[in-house]
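To start, the structure itself, in structure tokens.
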Amino acid sequence: MPTKRAIGSHYETEAIRYLESLGYILIRKNYFTPRGEIDLIFSKADALFFVEVKYRSSDAFGSPREAITQNKISHMKQAAMHYIK
């Protein structure tokens, strides 16, 4: 049985492949700050994109989108500002 980390890494790799096929350029993977982690950071057309990768084997506990809480969004914003600085 794969670990959560292995499953997460697999889907991060899938996200990277997909976004790179659309012309995004991977800058950083798993950027850690005191306020949290950003899974993937991409650039395209002079803009930065901060990506949270979520996987759910079913919607029994909510969709991946529902897993992104206001608290998570706040931490991602703070982590993004940390990266930009």
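Quick look at the numbers
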quantity: Positive-end residue, the chain charge dipole about Cα centroid, Cβ charges, pick of M1, N71, I27; calculated: N71
quantity: Aspartates and glutamates with Cα under 18 Å of K72, excluding same-chain neighbours fewer than 8 positions away; calculated: E12, E37, D39, E52
quantity: The stretch 15-85: translational diffusion in µm²/s, Stokes-Einstein, Kirkwood Rh over Cα pairs, 25 °C, 0.890 mPa s; calculated: 187 µm²/s
quantity: Anchor K85: lysines whose Cα lies under 16 Å away (excluding residues fewer than 8 positions away in-chain); calculated: K77
quantity: In Hz, Karplus ³J(HN,Hα) per residue of the stretch 55-68 (6.51, -1.76, 1.60; θ = phi - 60°; x = Gly, Pro); calculated: 10, 9, 6, 7, 8, 4, 10, x, 7, x, 4, 5, 6, 8
quantity: Residue-normalised accessible area of the stretch 35-85, expressed per residue, 1.4 Å probe, Å²; calculated: 69 Å²
quantity: Protein accessible area in the chain, 1.4 Å probe - carbon and sulfur %; calculated: 55 percent
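The values are calculated or read from the model by the stated rules, or taken from the named source; none is laboratory data. None of these values were measured; they are calculated from a predicted model. Virtual Cβ from ideal backbone geometry, glycine too; neighbours counted across all protein chains shown. The protein model used for the area step is the full one, side chains on, heavy atoms only, and it has no ligands, DNA or RNA in it. Shrake-Rupley method; radii C 1.70, N 1.55, O 1.52, S 1.80 Å.
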